[in-house]
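A.B. asks: One structure is given below, represented as structure tokens, and several questions about it will come after.
What follows draws every value from the coordinates through simple rules; no lab data is involved. Note that the coordinates shown come from a computational prediction; the quantities given were computed from them, not determined experimentally. For neighbour counting, all protein chains shown are included, and Cβ atoms are generated from backbone atoms with ideal geometry for every residue, glycine included.
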Amino acid sequence: MGVSVGTVQRLEAGDPGVAIGSLAMALLAFGQLNRLLAVLPDSQDDIGQMVDRQNLPRRVRNGRQSQPVESERPADASAVDGAVF
């Protein structure tokens, strides 16, 4: 689990000061993680959904589309790799 013996003892005693991550790791170790998910339904967590929306990546638009430099263009625009279209 990656926690100290004292943390496990506090978990077993029901200490409310134990980190939720430690509880999640213990439930995962016993194959009972679904119990935590049942207690914390994300569909009803308005604040969590708001934070998730704020952390979504913003779409960045570039005002100018990049144009290939003359040296990058083929001499004959219709010929690419020797094939003529």
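A.B. asks: Enumerate the calculated ³J(HN,Hα) couplings along region 7-17 in order (Karplus 6.51 cos²θ - 1.76 cosθ + 1.60, θ = phi - 60°), each rounded to whole Hz, writing x wherever the residue is Gly or Pro.
C.D. replies: Once rounded to whole Hz, the list reads 5, 5, 5, 5, 4, 4, 7, x, 4, x, x.
A.B. asks: In nm, to one decimal, how far is the modelled label at Arg59 from the one at Arg35, with both set 7 Å along Cα→Cβ?
C.D. replies: 4.4 nm
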